[in-house]
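The values are calculated or read from the model by the stated rules, or taken from the named source; none is laboratory data. What you are looking at is a predicted structure, and each value in this text was computed from that prediction instead of being measured. Note: ideal-geometry Cβ built from the backbone for every residue, glycine included; neighbour counts use all protein chains shown. Accessible surface areas use protein heavy atoms only, side chains included; no ligands, DNA or RNA. Shrake-Rupley method; radii C 1.70, N 1.55, O 1.52, S 1.80 Å.
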Amino acid sequence: MSQALERIVVPILALLASAVLFGLLLAIYAQVDPLEAFALMYQGAFGSWFSWQNTLTRAAPLILTALCTALPARLGLVIIGNEGALVAGGVAAAAAGVAVASAPPLVVQVTMALAAMAVGGAWIALAGGLRQWRGVNETISSLLLTYIAIALMNHFVEGPLRDPSSLNKPSTFPIGDANMLGTIPGTDVHWGLVYGIVACLAIYVFQRFTTWGFAMEVIGGNPKTARMMGLDVGRYVLLACAAGGAAAGLAGMVEVAAVHGRANASLAVGYGYSGILVAFLARHHPLAIVPVAILLGGIGASGGLLQRRLDLPDAAVVVLQGIIFVAILASETFYGRLWKPKAAA
Amino acid sequence: MADRFTIGRRTLLGGAAGAAAFGLAGAANAQKPLVVGFIYVGPRDDYGYNQAHAEAAAILKKMAGVKVVEEEKVPETVAVEKSMESMINLDGATLMFPTSFGYFDPHMLKEAAKFPKVEFRHCGGLWTEGKHPKNTGSYFGYIDEAQYLSGIVAGSVSKSGKLGFVAAKPIPQVLRNINAFTLGAQSVNPKVTTQAIFTGDWSLPVKEAEATNSMVAQGVDVVTCHVDSPKVVIETAERAGIYTCGYHTNQAKLAPKGYLTGAEWNWEKIYVDMVEGMKKGQAPGNFVRGGLKEGYVRTSAYGPAVPAAVREKADAAKAAIVSGSLPIYKGALKDNKGNVVIPAGTSYVITEPKLESMNYLVEGVLGATS
């Protein structure tokens, strides 16, 4: 009981501490009334139906990219190549979508999703494979793979896949309006949100109720023990990395099929990096990823209002994100200390 | 990821000062003001593309009955759609200026369909009659005219005859600037060459500094650029003791010794015209273009290193461009692979549509478009 309570109370305390710190910074450094700022943030993020939709739209890609870090983390790996998998997936989706553009929309969309997941998955599996068989640090290799993915995207978008009519912003050919994903009925939010939530639920069930999920937890606990028990660690490492990469690749497909209608440099706007933050804040728990992504989406949605009404720089919300990140990481040390077993009894 | 968490002290101080000013100014609002929304892709104080717009927006703020709302660092994705909606829904904006090129399609077009009563004007010149809705439009300046004048000054002042151009991407807009700059320099010294280096993206400070330093090492003695923020290039060149020509806005403060002149936007002309029209109930123009003559672009005041004779030469060329007697692009013109791109006897006016899809570097430019 006390453990379950801690899991809720510690992050909430960390968030409150971040809010106090941020408020102090606003009051002292920027000379803005913190209460007014927080009221504006609430209004911009959750204060109306419009604000909610704004928040959810921003949260959608973060849910999928967060899984790219959270899934391998279950095995003790620290993957931060989310941005690269998203970009690679997005370019693959656009290429596949253009190739089959005349097929029925559902076929086009499924092809795009499969292509994006395959390429995104392979991208992160590469980092996992390098780790397993060549001993290369997966954090560094996945980060470097991101730079390669962005360079490749620029090459394809400005070269072989370029639509010659995209003069001053090189892009691939459009996939066509008929093939776009559209929005969830009655809202302004695209389907990426649903994909993300379904993926999180599916992964939760997989981790909680299957032997493969259990095997991954054992490996994350102690890979040597897992090997002695006869578990094929390499296979699980590749699987987790591929699944994580596929999720980020799918986020890239959503960007192409629901937002831009084509692939171009706007794929690399930092959703992958924000996804790392979401995964760590959610402590890599698939069900926690959704509310955390919504929280960060809300902070992003409220940033504009802070700029316009209080004349704060854009950096204000980035500072808040940074404070939250540090506070959550620091709060890890409180687990098991808030309630001593004796006191609880 | 590290740079996502850094915060410029200047940015924050500027924000604080602005916040104080806002508190004083936001007191009285008798009549319903015209709310104008500005969206920038980078920071407002970047000494470059975004600052050029923000300086013009600051002039609008001083107009009576006008309220300006701004957002900076808004990426060219769904975020800009939401920023526009937020300005319209929460602030009552009725005139939007999304200033970055990539905001147009699909983002601004999507919002324009959603809010038919709001006027959207985009910086970049993509609007096409019959294809795009009436409540949208675009405006742009022929800044290559100003680049040509920078080239005249650079070509006259250079001792080595080697000029440098740090550029983001080999897209038509950038190629026009490199070519105009080079042609201007060649008009005073036919032997001048321009070393072009493409960094690959609009804001890559480290690569921009590396490119500038490598040019200095090659003997280049005047450098200019087309990236979002010329700050790094100008400062690096000043430290190395070579001359610079600015871009987007005036960077003389960054290089008091070596700054020669620069090609600047003059967006205030367009913005003030459009806002005054809106207040009288006229919708802004759908396709607004102009160069030196219309006052949409201008050159920076000459720096101390520019001799009087050179100033006269550049001023004479400026007068000739304004009067229409000096076409920048005229035949016979070869690209740097030896192909004739403009045949002998042909000359293009600055509005020539063929120039909009320029895909070559002229003879005398060292570098490749791909």
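Being part of a loop (DSSP other than H, G, I, E, B) and at the interface with chain B (Cβ under 10 Å from one of its Cβ atoms), is that true of even one residue in region A:138-157?
So far as region A:138-157 goes, no, none of its residues is part of a loop (DSSP other than H, G, I, E, B) and at the interface with chain B (Cβ under 10 Å from one of its Cβ atoms).
Among the residues of region B:212-231, write down those that are buried (at least 24 other Cβ atoms within 10 Å of the Cβ) and aliphatic (A, V, I, L, M).
B:Met215, B:Val220, B:Val222, B:Val223, B:Val227
Looking for something closer than 21 Å to A:Thr187 by Cα and of a type in the set (Val, Ile, Thr) - is there at least one such residue anywhere in region B:46-62?
Looking for residues that are closer than 21 Å to A:Thr187 by Cα and of a type in the set (Val, Ile, Thr), one finds none in region B:46-62, hence no.
Which one of A:Ala39, A:Ala95, A:Ala45 is within 14 Å of another protein chain (Cβ to nearest Cβ) and open to solvent by 10 Å² or more (accessible area, probe 1.4 Å)?
Result of the check over A:Ala39, A:Ala95, A:Ala45: A:Ala39.
Which condition number does B:Glu71 fail, the rest of (1) of a type in the set (D, E, K, R); (2) free of Cβ contacts under 8 Å to residues at least 24 places away in the same chain; (3) within 14 Å of chain A (Cβ to nearest Cβ) being met?
(2)
Pick out, from region B:42-148, the helices (runs of 4 or more DSSP H) lying fully within it that include 3 or more residues that are of a type outside the set (Gly, Ala, Ser), crowded, with 21+ Cβ neighbours inside 10 Å and within 20 Å of the chain's Cα centre (by Cα).
B:49-61
Under the condition of being closer than 30 Å to A:Leu144 by Cα and of a type in the set (Gly, Ala, Ser), which residue from region A:48-83 is surrounded by the fewest Cβ atoms within 10 Å (Cβ to Cβ)?
This residue is A:Gly76.
Applying the selection to region A:261-281, what residues are open to solvent by 20 Å² or more (accessible area, probe 1.4 Å), aliphatic (A, V, I, L, M) and touching a Ser or Thr at 6+ places or on another chain (Cβ under 8 Å)?
A:Val269
Do you know which of the residues in region B:126-172 that are aromatic (Phe, Trp, Tyr) and within 26 Å of B:Gly102 (Cβ to Cβ) is farthest from the other protein chains (Cβ to nearest Cβ)?
Going through the qualifying residues, I end up with B:Phe165.
For region B:274-301, which positions are assigned to a strand (DSSP E or B) and either under 14 Å from the mean Cα position of the chain (by Cα) or buried (at least 18 other Cβ atoms within 10 Å of the Cβ) (or both)?
Hits for region B:274-301 are B:Val288, B:Arg289, B:Gly290, B:Val297, B:Arg298, B:Thr299.
Please go through region A:48-64 and pick out each residue that is within 13 Å of chain B (Cβ to nearest Cβ) and either among the aliphatic types (A, V, I, L, M) or within 21 Å of the chain's Cα centre (by Cα) (or both).
Within region A:48-64, A:Ser51, A:Trp52, A:Gln53, A:Asn54, A:Thr55, A:Leu56, A:Thr57, A:Arg58, A:Ala59, A:Ala60, A:Pro61, A:Leu62 meet the criteria.
Assess whether A:Thr210 counts as being on the phi < 0 side of the Ramachandran plot, open to solvent by 60 Å² or more (accessible area, probe 1.4 Å) and not charged (D, E, K, R).
No; evaluated as a whole, the condition is false for this residue.
Starting from region B:304-325, take each residue that is under 15 Å from B:Ile350 (Cα atoms) and list its partners that are assigned to a loop (DSSP other than H, G, I, E, B), counting only C-beta distances under 6 angstrom and pairs at least six apart or across chains.
From residues that are under 15 Å from B:Ile350 (Cα atoms), the pairs are B:Ala320/B:Leu326; B:Ile321/B:Leu292; B:Val322/B:Leu292; B:Val322/B:Lys293.
Could you pull out the residue among B:Ala263, B:Ala237 that is buried (at least 23 other Cβ atoms within 10 Å of the Cβ), of a type in the set (A, V, I, L, M) and under 18 Å from B:Glu210 (Cα atoms)?
Unique residue meeting the criteria: B:Ala237.
To keep it simple, each residue is scored yes or no on (1) modelled with pLDDT of 95 or more; (2) in contact with a helix residue (DSSP H, G or I) (Cβ under 8 Å, 6 or more places away or on another chain); (3) of a type in the set (A, V, I, L, M, F, W, C).
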residue: A:Thr69; (1), (2), (3): yes, yes, no
residue: A:Glu83; (1), (2), (3): yes, yes, no
residue: A:Ala113; (1), (2), (3): yes, yes, yes
residue: A:Gly121; (1), (2), (3): yes, yes, no
residue: A:Ala127; (1), (2), (3): yes, yes, yes
residue: A:Gln132; (1), (2), (3): no, yes, no
residue: A:Glu158; (1), (2), (3): no, no, no
residue: A:Leu161; (1), (2), (3): no, yes, yes
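Test B:Ala209 against the criterion of being open to solvent by 10 Å² or more (accessible area, probe 1.4 Å) and either at pLDDT 95 or above or β-branched (Val, Ile, Thr) (or both), and give yes or no.
Criteria met by B:Ala209.
Which count do you get for residues in region A:282-313 that are open to solvent by 10 Å² or more (accessible area, probe 1.4 Å), more than 15 Å from A:Arg58 (Cβ to Cβ) and away from every other protein chain (no Cβ under 13 Å)?
Looking only at that region, the number is 5.
Among the residues of region A:1-36, what is the count of those that are open to solvent by 90 Å² or more (accessible area, probe 1.4 Å), within 13 Å of chain B (Cβ to nearest Cβ) and not in a helix (DSSP H, G or I)?
Result for region A:1-36: 1.
When you go through (1) of a type in the set (Asp, Glu); (2) without any contact (Cβ under 8 Å) to a residue 24 or more places away in the chain; (3) within 29 Å of B:Glu312 (Cβ to Cβ) one by one for B:Asp221, which number turns out not to apply?
All conditions pass for B:Asp221, except number (2).
Considering region A:314-331 alone, what residues qualify as being closer than 23 Å to A:Gly244 by Cβ, open to solvent by less than 30 Å² (accessible area, probe 1.4 Å) and more than 9 Å from every other protein chain (Cβ to nearest Cβ)?
Across region A:314-331, the qualifying residues are A:Ile324, A:Ile328.
Given the conditions (1) basic (Lys, Arg); (2) under 22 Å from B:Glu55 (Cβ atoms); (3) touching a helix residue (DSSP H, G or I) at 6+ places or on another chain (Cβ under 7 Å); (4) within 14 Å of chain A (Cβ to nearest Cβ), which single one is not true for B:Lys82?
(2)
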